[in-house]
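Worksheet: the structure to be examined is printed underneath.
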């Protein structure tokens, strides 16, 4: 009765309002897990990007969760999609790496499986303990749920110009690399092997963790257990040892390796000498040597656990680091670095596209220390089978050093993976190379001290026909010995820095003006003392890193 | 409160009534005078203020004083003239300040030289001559950042519309008032997503000389 009294326009307006209210009300979107080929550049509208949840970047594709209703739209844009699972909510997915393509079919006996790339499949089963389900020779990665991976069209083969090692550091770094002892490395591998098994969730793994904690503590490093739980009621601990930086301790270089092991008798015997007592031994030796030298940036030595369960320890650490806003300059991960199928053996270094600069830095710093061992570089986002990968997922620069891709060690994940099968000369060379790269990245302290607290804010100035970016840099003023500062700029992160100040500026601030607004710039600052001697570089900042509206 | 508002409205109404009465009486006075003879050839020069029509232009340069327009008009027919002319525009500006970044701005200058051609209809109204016309303009402009010395020069073809009034002071001279609308679409603006219009609404006053 009362509704009938409404005039026609009023009724029409009411209908429109109701329609809008229903359409605007939030309702849970049904999502599907999709394999999406790398889209051509900028083909996806900006408004859609936020609805696409990227779970994994691979060489040829992304694994993404997208709303069902977006599928047709993406296909209409010419993007090739393959729906992998229509109800992905809450399921633990694993990437499984297999050496032989036929093994993909073999996995069907254990659960659901979809082929992603030639040697990578997506696997899920009712249980979270996939390590306990699949045979031990399958390498696993638990698919992340929260990532900072960006949808990028192509994998750029990053080739930024290489910045040479600071000449005054070169001698010191070589001297440090020469301190690496093959005997100590062998002793460390033996000590870890003697735990019989370090399979995560066993007492042997816990005991090995306590041994490592004690070792790093004996070097006067700050140590901590980073506990996490996984699977059906299991828990384990990452071992974190910290060598604080003297100038910018908030920035850290992470050296890591997993200390857990696996085999076909993992519960009782998994010596894991190559996989990965070798990487941990290198870490222990690097900690011993680096702790003797004051460094600008913090160095963290992290022994991850549950790598064999799907990179669970590093996944836990990297996610917490991102959530805490940890400033990680670089991550160097070593995994299986002591078996040599050929003499001389080469060391394979793997990066993703945003870590290309790190590949170059490693190459530049390690070259002098890696005598007799060739470095083979790969930019391959599909190489996700070790602890560097969760750092990629969180947007950090990371690389992995490994003896062979694909693996050639016949003792891999077997009880025969013992010290007697390893080439300690190769492990020594790898440790020297990694130590040199780590020292270069963390920067041995110099006089005058490098500027700290560098921040960058960018703003755009424009007229009718011009648009420029101005970047304001600020840093903490140095002591009385500092006469001024030089500002350096690079177009790629950690690229070849170009000095932009003709003479030292005396203020602890600088305005870099009239830059291309569509290009990113990266800055570092050096202090100059009254004798004209320059400090190390400060930590690097991107031009918009401290913008208020980010 | 409402009483005060009512008083304000009544006061405003009285003012408007006064304006309308004055305008009407002035128009009636003009209407009563005999229509003057229309000159065939008129030269004029005028200046005034230029009001940019597009927001980014206005934000940078504001209203620009003293554009100079010189124009020659020739009567083809009794009520139709063709015109050709020259306009000079100069404006000083500042880049806008980004409060989230730094209170810093840069001094700008924009110069524009224009040549215009068109036709206008002329209507004698007692002692006045009213005109309205349209045409095309060819503009050469240059924007300069004074401090670093960057400059950008370009040319553009545009549209012009004008309406004016002439009040004869003598047989040779007349006072003129003119409103001009310039549309000057410029390519290569700093905002790649927007279309740039350097046009403006010019309010001009000046002197005309009737050759014959």
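List A:84, A:311 from most exposed to least, where exposure is judged by having the fewest other Cβ atoms within 10 Å.
In increasing order of surrounding Cβ atoms, one gets A:84, A:311.
Only counting other Cβ atoms within 10 Å, I'd like A:373, A:331 sorted with the fewest neighbours first.
Working: A:373 19, A:331 28.
Fewest-to-most ranking of A:373, A:331: A:373, A:331.
Could you give the distance between the Cα centres of segment B:64-112 and segment A:59-110, to the whole Å?
Centre-to-centre (Cα) distance: 61 Å.
Can you pull the mean other chain C-beta count within 10 Å for peptide B:56-62? Please report the intermediate quantities before stating the final value.
Values: counts 3, 2, 0, 2, 3, 2, 0.
The per-residue average across the peptide is 2.
I need to check one value: relative contact order of segment B:140-205, counting alpha carbon pairs closer than 8 Å and at least 6 residues apart, in percent. Write out the running numbers ahead of the final one.
On the way: 109 pairs, mean separation 16.9, N = 66.
RCO, segment B:140-205: 26 percent.
Can you pull the one-decimal nm distance between simple spin-label points at residue B:94 and residue A:323, each 7 Å off the Cα toward Cβ?
So the two model labels end up 4.8 nm from each other.
Which of A:63, A:283 comes first, and how do the rest follow, when ranked by fewest Cβ neighbours within 10 Å?
So the residues, fewest neighbours to most, are A:63, A:283.
Can you pull the mean other chain C-beta count within 10 Å for peptide B:91-100?
Numbers: counts 0, 0, 2, 1, 6, 4, 2, 7, 2, 5.
Across the residues of B:91-100, the mean count of other-chain Cβ atoms within 10 Å is 3.
Taking the Cα centre of each part, how many Å lie between segment A:498-524 and segment A:273-338?
Cα centroid of segment A:498-524 versus Cα centroid of segment A:273-338: 34 Å apart.
How far is the Cα center of segment B:166-189 from the Cα center of segment A:205-227, in Å?
That distance is 86 Å.
Give me the number: length gained by fully extending residue A:269 to residue A:72, i.e. 0.36 nm times residue separation minus the C-alpha to C-alpha distance, one decimal in nm.
Working: separation 197, 0.36 × 197 = 70.92 nm, distance 5.15 nm.
Length gained, residue A:269 through residue A:72: 65.8 nm.
Going by average Cβ density within 10 Å per residue, which order do the peptides A:168-175, A:292-299 take, highest to lowest?
Averaged packing, sorted descending, gives the order A:292-299, A:168-175.
For residue B:167 paired with residue A:105, estimate the spin-label separation in nm (one decimal), with each label point 7 Å from Cα along the Cα-to-Cβ line.
10.0
Quick one: Debye curve from the C-alpha atoms of the protein assembly as shown, no solvent, what's log10 I(q)/I(0) at q = 0.06, 0.07, 0.08 Å⁻¹?
Here log10 of I(q) over I(0) equals -0.58, -0.70, -0.81.
Values in this text are rule-based calculations from the coordinates and carry no lab data. Small disclaimer: the values here were computed from a predicted structure and weren't measured. No Cβ is skipped: glycine too gets one built from the backbone with ideal geometry, and neighbour counts run over all protein chains shown.
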